[in-house]
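Please find one structure pasted underneath; my questions will follow.
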Amino acid sequence: IIMPRAMVRLSAGRVRMTLEEQALCFLAGANSIFAGDKLLTTPNPGFVQDKEMFQILQLKPRPSHKEASVSALV
């Protein structure tokens, strides 16, 4: 509500979270995840697991966030 354009990401530790716990995070406002093999030294769930979670929760992934170009800021 206060910062509607903010990216609230679920990141390290998702491998220890149940599907229900991750669903609660999305209901509470999380709108992004870190995906891939690992985040620095912490593993992430696999692509297939994330895809299944998105299907179960009926979430639609968007393309990666891209920073605004410098010319748009000037």
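LEU19 - would you say it is surrounded by 10 or more Cβ atoms within 10 Å (Cβ to Cβ), at pLDDT 85 or above and over 11 Å from the mean Cα position of the chain (by Cα)?
Considered against the rule, which asks whether it is surrounded by 10 or more Cβ atoms within 10 Å (Cβ to Cβ), at pLDDT 85 or above and over 11 Å from the mean Cα position of the chain (by Cα), LEU19 comes out as yes.
Something else: Looking at segment 4-16, which of its residues are assigned to a loop (DSSP other than H, G, I, E, B) and surrounded by fewer than 11 Cβ atoms within 10 Å (Cβ to Cβ)?
Within segment 4-16, PRO4, ARG5, ALA6, MET7 meet the criteria.
Quick one: in segment 48-70, which of the residues that are more than 14 Å from the chain's Cα centre (by Cα) and among the hydrophobic types (A, V, I, L, M, F, W, C) is modelled with the lowest pLDDT?
Within segment 48-70, the match that is modelled with the lowest pLDDT is VAL70.
Contact list please: Cβ distance under 9 Å, first residue in segment 35-56 and touching a residue at least 24 places away in the same chain (Cβ under 8 Å), second residue open to solvent by 50 Å² or more (accessible area, probe 1.4 Å) and in a helix (DSSP H, G or I), pairs at least six apart or on different chains.
Matching pairs, first to second residue: THR42/VAL15; PRO43/VAL15; ASN44/VAL15; PRO45/VAL15; MET53/LEU19; ILE56/LEU19.
Another question, then. Being of a type outside the set (Asp, Glu) and more than 27 Å from MET3 (Cβ to Cβ) is the filter; apply it to segment 22-48 and report the residue that is surrounded by the fewest Cβ atoms within 10 Å (Cβ to Cβ).
This residue is THR41.
The values are calculated or read from the model by the stated rules, or taken from the named source; none is laboratory data. Please read all numbers here as calculations on a predicted model, not as lab measurements. So basically every Cβ, Gly included, is an ideal-geometry build from the backbone, and we count neighbours across all protein chains shown. Accessible surface areas use protein heavy atoms only, side chains included; no ligands, DNA or RNA. Shrake-Rupley method; radii C 1.70, N 1.55, O 1.52, S 1.80 Å.
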